[in-house]
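Student: Sharing a structure here in structure tokens format.
Just so it is clear, none of the values below were taken in a lab; they were calculated from the coordinates. None of the values given here were measured: they were computed from a predicted structure. Counting neighbours? That spans all protein chains shown, and the Cβs are built from the backbone with ideal geometry, glycine included.
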Amino acid sequence: MATARGSECEIRKYQKGAELLIRKMPFQRLVRDIAQIHKSDLRFQSHAVLALQEAAEAYLVGLFEDTNLCAIHAKRVTILPKDVHLATRIRGERP
């Protein structure tokens, strides 16, 4: 159980921090690649990409919180893909 406690401490550390966890350049490339699919000549201001990253990370944190609750409800400590599916269904994000 020492590992579980260590994981909980690490999770709390990241939850309290305000810094972004996804590296900026890979995220920026992802945004530009996705935008390129829809319109080839789009440009982004740096603070727009930062806002997208903050929103994406906030979404993922919330999704993982809900996913963890699904795993706990199933009396498990490990999240599984089915927990992610259930969390997104409950949120109304998937049919």
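Student: Which residues, counting only those in the stretch 27-58, are among the polar types (S, T, N, Q), surrounded by 11 or more Cβ atoms within 10 Å (Cβ to Cβ) and in contact with a helix residue (DSSP H, G or I) (Cβ under 9 Å, 6 or more places away or on another chain)?
Tutor: Residues satisfying the conditions are GLN28, GLN53.
Student: Given the criteria without any contact (Cβ under 8 Å) to a residue 12 or more places away in the chain and among the aliphatic types (A, V, I, L, M), does LEU60 qualify?
Tutor: When the stated conditions are applied, LEU60 passes them.
Student: Which residue out of ILE37, ILE22 is among the β-branched types (Val, Ile, Thr) and free of Cβ contacts under 8 Å to residues at least 12 places away in the same chain?
Tutor: The unique qualifying residue is ILE37.
Student: Those residues that are acidic (Asp, Glu) and more than 18 Å from ARG12 (Cβ to Cβ), I need them from the stretch 61-93; list them, please.
Tutor: Once the filter is applied, which keeps residues that are acidic (Asp, Glu) and more than 18 Å from ARG12 (Cβ to Cβ), the stretch 61-93 yields ASP83, GLU93.
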